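Report on the following structure.
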Amino acid sequence: MDQELARIDGLGFQILTWDDEEYPVRLREIHAPPPTLYVWGEVRSEDRLAVGVVGTRRATPYGRAIARDIATALAVNGVTVVSGLARGIDSIAHQAALDAGGRTIAVLGSGLDQLYPREHRKLADAIAAQGAVISDYPLGTKPEPKNFPPRNRIISGLSLVVVVVEAGAGSGALITADFAIEQGRDVFAVPGDIHRSASSGTNRLIRVGAHPLLAPDDVLEALNLELITRQESVPLKAPEDETERCILEALSREPLHIDELQQRCGLPISQITASLSMLELKGHARQVGGMHYILAGEVRATYRVE
């Protein structure tokens, strides 16, 4: 035991048990809470105000944009974002919380020394510095498929509310939602296109009683929080550049592929790309993956083609 404790300490981790004051209060409340947590980073009392944001690994541009908006709104309002460090929705939620200067907790399905997926090592480093990476699996535990469903009970257990952004019929995010319901947590699901498999699970959750999430404010209201910061519509001077003006008229909160922008504006793709880069620098447009773009902020009504 002494050798194992020395190893854990040498790697920069710590152990929390039921007897420790730092053990998460919300997690202590659930049925059969893990007796031991391995922690990389720091669990704080402020993490009692936490929301789980989970979803598919195969996120669509729509899902990526929504996950980013939700996690950002939570983080700037002092709510800790909890997720599973997986590809797709999970990693987007973690990164958005970090970018907003908030706290985030990642729950692993492996030992802390067996990080999965490996390409998220840099993200995990950032999470540990600005929150915590935790696991109830001992060091050396491989990321085997059987480990992930049980860890989902910890994601929901740490959270007051769980938001499922996108989930196919067999997504692990639905397991997290099931645990949340068992634990008495509120569950929100983002409505999606009925023709997309990534929305089949979330739409089913809504059908059986989950709250439809229509805006990030919905979660804040469920937590009885007042919105601290709200992105207001600010009148802006219409850009003099005709290409930028055309792009801003075409963009909305729904992701639009660059090829569609090129067709709508009838201009060379190189010209569209250059203008998009300028609009991103100005904070008026944002890429949400796969060469899809959305309007950043609520400024569309302020740009009119004369």
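Quick note: the coordinates plus some simple rules give every number you see, no bench work behind them. Since the model is a prediction, treat every value here as computed from it, not as a measurement. Cβ coordinates were reconstructed from backbone atoms using ideal geometry, including for glycine residues, and neighbour counts include every protein chain displayed.
Neighbour counts of other Cβ atoms within 10 Å put 134, 105 in the fewest-to-most order 134, 105.
For residue 96, what is the net charge nearby, where nearby means another residue's Cβ is under 13 Å from its Cβ and Lys, Arg count +1, Asp, Glu -1?
After counting each charged neighbour, the total is +1.
To the nearest 10 degrees, how steeply does helix 61-76 sit against the main Cα axis of the chain, on a 0 to 90 scale? Compared with the principal axis, the helix lies near 60 degrees. The angle separating the long axis of helix 148-157 from the principal Cα axis of greatest extent in the chain is about 80 degrees. All other residues whose Cβ lies under 13 angstrom from that of residue 183 are scored, Lys and Arg at +1 and Asp and Glu at -1, for a net of 0.
Under 12 Å from the Cβ of residue 136, count the other residues' Cβ atoms, weight Lys and Arg +1, Asp and Glu -1, and hand me the total. Could the numbers behind the result be given before it?
Details: positive: 151, 153; negative: none.
My count for the surroundings of residue 136 gives +2.
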